[in-house]
2 protein chains.
Amino acid sequence: MIILVDQDGPLADFEKGFLETWRAQFPEERFIPLNQRKTFYVRDDYPEKLRDKVESIYFASGFYQNLPPVAGSVEALKILVELGYDVRICTSPLSRYENCVLEKYRWVEKHLGRDFIKRIVLSKDKTIVRGSFLIDDKPIIKGGETAEWEHILYDCPYNQEVKVKRRLTWANWREVFTF
Amino acid sequence: MIILVDQDGPLADFEKGFLETWRAQFPEERFIPLNQRKTFYVRDDYPEKLRDKVESIYFASGFYQNLPPVAGSVEALKILVELGYDVRICTSPLSRYENCVLEKYRWVEKHLGRDFIKRIVLSKDKTIVRGSFLIDDKPIIKGGETAEWEHILYDCPYNQEVKVKRRLTWANWREVFTF
């Protein structure tokens, strides 16, 4: 059984990385605490006039590869692999791919090991990737095809309104994965 | 209908790029002309004692992004898109991903345009990518799943022995694509 796991959100803590860098680089600007984030794209939660500053954080060299891992995520993935699930990391690069593409690979090597690299699938469109499940924090995932996988929502403050069959965190994943 | 197209071989001329760089960098060593290549992996056609030199060519920074396009490939892909096919570039990075991952993106942007970037699917395992066809020069393509696509062999000197239903070059693709 293939379990696809999105990288930014469920594994790499984009939100924490963004907020810490934001506060360090723009201490004079207001910030949105993690538990008050309302939209999937962080840029949509900040005023339009701050768009360039917001984007400068995650377009910067080093941002992706230095993201901290989400607590419990690395351990959970290793256990899923040990349990015999075919785990793949299914991640969509930014359109401004210049930094994030290579850094996503480096992040996986750093936190999950060199051998995990072969489990990476980089695709803007996740509907053309095969799997039984996709664990992803994005509320609605669209693409060119009707997805084969069931979307398991990775639970985040900004996706609380979304209705899905299963909602997962790395604290409750053993209860959610009762197939 | 999704048509997956491998990058190195059908699109980026790895063989030509390798041979030209090889002859320029190691003029004292023997070389294998393109039409005498017998194995899928170029390293297997050269003596074992030259392995490090061979690998130094394609592990080098700049090798992938500077590969010349295969004659007719870029035009054919653009026509396939115009004809309404859902063309995706399905490419497997080297295990030594450090240079090739980003450079594969740069190559696509350079030769097919920025908008084509969203059609890239980077995966070591192509069997988990959905599609009706995969145009690929690799003789046998294995992975974790039974592939959904039919393998159309991209015709090369080193895959002449392979038995497949369809064999394609960018000179004959209109005859092969008679669905």
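Here are some notes:
- Given chain B, longest segment not containing exposed loop GluC sites (Glu not before Pro) (DSSP; at most 13 other Cβ within 10 Å): B:30-160
- Given a 1.4 Å probe and the protein chains as shown, residue B:1 ends up with an accessible area of around 100 Å².
- Shortest-first nm distances, residue B:164 label point to equivalent points in other copies (7 Å, Cα→Cβ): 3.6
- Per-copy distances of the residue A:59 label point, shortest first, in nm (7 angstrom along Cα→Cβ): 3.5
- Sparsely packed trypsin sites (Lys or Arg not before Pro) within the range B:148-179, loop by DSSP, other Cβ within 10 Å at most 13: B:163, B:165
- Fraction of the pair-distance distribution of the range B:84-151 above 14 Å, Cα-Cα pairs, percent: 61
- Per residue of peptide B:144-153, the mean number of Cβ atoms on other chains within 10 Å of the residue Cβ is 1.
- For the range B:1-132, size of Cβ-based charge dipole, Lys and Arg +1, Asp and Glu -1, in debye: 200
- Peptide A:129-142 - average C-beta neighbours from other chains (10 Å radius): 1
- Each residue of the range A:8-21 is assigned a 3J(HN,Hα), and the resulting list reads 7, x, x, 10, 8, 7, 4, 4, 5, x, 4, 4, 5, 5 Hz, derived from the Karplus form 6.51 cos²θ - 1.76 cosθ + 1.60 (θ = phi - 60°), x at Gly and Pro.
- For chain B, built as a Gaussian network whose Cα springs stay under 10 Å, the top-fluctuating residue of B:126, B:16, B:53: B:53
- Value at 222 nm in deg cm²/dmol, rounded to 500, when DSSP H runs of n ≥ 4 in chain A each add -39,500 (n - 2.57): -8500 deg cm²/dmol
- Surface burial for B against A, with a 1.4 Å probe and both sides summed, reaches about 2500 Å² of accessible area.
- DSSP bridge orientation in the protein assembly as shown - percent antiparallel, rounded to nearest 5: 15
- With all protein chains modelled, accessible area of residue A:178 [1.4 Å, Å²]: 100
- Counts of other chain beta carbons within 10 angstrom of each beta carbon in peptide B:93-100 average 3.
- Excluding same-chain neighbours fewer than eight residues apart, the lysines reachable from residue B:110 by a Cα-Cα span under 16 Å are B:78, B:118.
- The C-alpha atoms of chain B define a longest principal axis, and helix B:97-112 lies at about 50 degrees to it.
- Alpha carbon centroid spacing (whole Å) that separates the range A:103-128 from the range A:7-30: 21
- Evaluated at q = 0.13 Å⁻¹, the base-10 log of the normalised Debye intensity for chain B, with identical point scatterers placed on the Cα atoms, takes the values -0.66.
- Per residue, the convex hull spanned by the Cα atoms of the protein assembly as shown amounts to 159 cubic angstrom.
- For the range A:34-69, the residues whose amide N sits under 19 Å from a probe point set 7 Å from the Cα of residue A:142 along the beta carbon direction are A:39-42, A:44.
- Normalised convex hull volume, the range B:14-58, alpha-carbon set, Å³ per residue: 68
- Among the protein heavy atoms, those of residue A:125 account for about 10 Å² of accessible surface (1.4 Å probe, every chain in place).
- For residue A:151, the residues whose amide H sits under 5 Å from its own are A:134, ignoring neighbours fewer than 5 places away on the same chain, with H placed 1.01 Å from N.
- Per-pair calculated FRET efficiency, R0 = 25 Å: residue A:94 and residue A:26 via Cβ, rounded to 0.05: 0.80
The values are calculated or read from the model by the stated rules, or taken from the named source; none is laboratory data. The structure displayed is predicted, hence computed values, not measured ones. For neighbour counting, all protein chains shown are included, and Cβ atoms are generated from backbone atoms with ideal geometry for every residue, glycine included. The accessibility values were calculated without ligands, DNA or RNA, using every heavy atom of the protein model including side chains. Shrake-Rupley method; radii C 1.70, N 1.55, O 1.52, S 1.80 Å.
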